Amino acid sequence: MRILIISDIHANFTALKTVLEMAGKFDAVWCLGDLVGYGPDPNACVETIRNLPGLACILGNHDAATLNHIDTNNFNPEARTAILWTQKELSEPNRAFLRSLPEKLELDGVTLAHGSPRHPVWEYLLDNRTARQSFDHFQTDYCLVGHTHLPVLYTLEDKNYPARLMVPEPNTDLILNPRAIINPGSVGQPRDRDPRAAFAIFDTQNAIWEYRRVAYDINDVQQRMAAAGLPDRHIARLAAGW
Ligand code: ZN
């Protein structure tokens, strides 16, 4: 199976559309959460994602806050502004879809969690010590995470040491060995100073992770954000990839 892996779309429909056009053939889609928040297109993004073939999708922290499942005061003021705007914009069917999402999923020998397998919605997996601890919280060969918006691969060669951290080169194919934790990066708001949309194709038969970056029309999204009155800092950061 060729599975399209997307995460942290953040209501950026231009980036999502570009990823879907550039992804080539895939049999299923796994989405690692944060469909909304920050961006100007929450309805277009949720509608598109919920109609993708073979979809498995989990809940992100911005999705949970949009549903008022977590207190919006836990977010910085600008992120909170974007969440409150999203709450007003989101249609009832799209809200119902977000409500239906689980926090964690296990399928085909893979665990999906937005933040980490230990605390799926909130924990940031940013270093090899946290990654080492995370390996104790899933049983499958692989765990896919999002949340940090940073593409990274963690492997555990020896239980007595921290996990190994590897940042893959854009547009390369990695051969995976069990066990590993992998982050595909963010479709709609990359934070590794590469503004291109990030995603991956996971070839489950051959255990190959095809990590991809694609350029999209950032200006187009920025204009819609400005028209919606979304925070200037969020508009600016898209172009610089942080
Ligand atoms: Zn996110």
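The values are calculated or read from the model by the stated rules, or taken from the named source; none is laboratory data. Predicted model only: the values in this text are computed from it and were never measured. Neighbour counts are summed over all protein chains in view; Cβ atoms, including those assigned to glycine, are modelled from backbone coordinates with ideal geometry. What goes into the accessible areas is simple: the full protein's heavy atoms, side chains included, and nothing from ligands, DNA or RNA. Shrake-Rupley method; radii C 1.70, N 1.55, O 1.52, S 1.80 Å.
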Determine if the range 136-157 includes at least one residue that is within 19 Å of the chain's Cα centre (by Cα), open to solvent by 60 Å² or more (accessible area, probe 1.4 Å) and free of Cβ contacts under 8 Å to residues at least 60 places away in the same chain.
no
Exactly one of these conditions fails for TRP30: (1) open to solvent by 10 Å² or more (accessible area, probe 1.4 Å); (2) in contact (Cβ under 8 Å) with a residue 60 or more places away in the chain; (3) in a strand (DSSP E or B). Give me its number.
(1)
Quick one: count up the residues across the range 19-40 that are more than 10 Å from the ligand (Cβ to nearest atom) and touching a helix residue (DSSP H, G or I) at 6+ places or on another chain (Cβ under 9 Å).
5
When you go through (1) more than 14 Å from the ligand (Cβ to nearest atom); (2) open to solvent by less than 10 Å² (accessible area, probe 1.4 Å); (3) touching a residue at least 60 places away in the same chain (Cβ under 8 Å) one by one for ALA82, which number turns out not to apply?
(1)
Do we find a residue being touching a residue at least 40 places away in the same chain (Cβ under 8 Å), out of contact with any strand residue (DSSP E or B) (no Cβ under 7 Å at 6 or more places or on another chain), within 30 Å of THR48 (Cα to Cα) and of a type in the set (Lys, Arg) anywhere in the range 189-211?
yes
Identify, by number, the condition in (1) surrounded by fewer than 18 Cβ atoms within 10 Å (Cβ to Cβ); (2) within 18 Å of LEU4 (Cβ to Cβ) that ARG193 doesn't meet.
(2)
Could you grab me the full set of residues in the range 163-181 that are assigned to a strand (DSSP E or B) and either within 16 Å of the ligand (Cβ to nearest atom) or surrounded by 24 or more Cβ atoms within 10 Å (Cβ to Cβ) (or both)?
ILE181
Output the residue which, of all residues in the range 54-78 that are touching a residue at least 60 places away in the same chain (Cβ under 8 Å) and under 17 Å from the mean Cα position of the chain (by Cα), is farthest from ALA228 (Cα to Cα).
ILE58
Going by the structure shown, is ASP8 within 16 Å of the ligand (Cβ to nearest atom), open to solvent by less than 40 Å² (accessible area, probe 1.4 Å), under 22 Å from LYS104 (Cα atoms) and not β-branched (Val, Ile, Thr)?
yes
Would you tally the residues in the range 222-238 being open to solvent by 40 Å² or more (accessible area, probe 1.4 Å) and within 16 Å of PRO190 (Cα to Cα)?
2
(1) on the phi < 0 side of the Ramachandran plot; (2) surrounded by 15 or more Cβ atoms within 10 Å (Cβ to Cβ): which one isn't true of SER100, the others all being true?
(2)
The range 41-63: number of residues that are within 20 Å of ASN183 (Cα to Cα), open to solvent by less than 20 Å² (accessible area, probe 1.4 Å) and either more than 15 Å from the ligand (Cβ to nearest atom) or assigned to a helix (DSSP H, G or I) (or both):
5
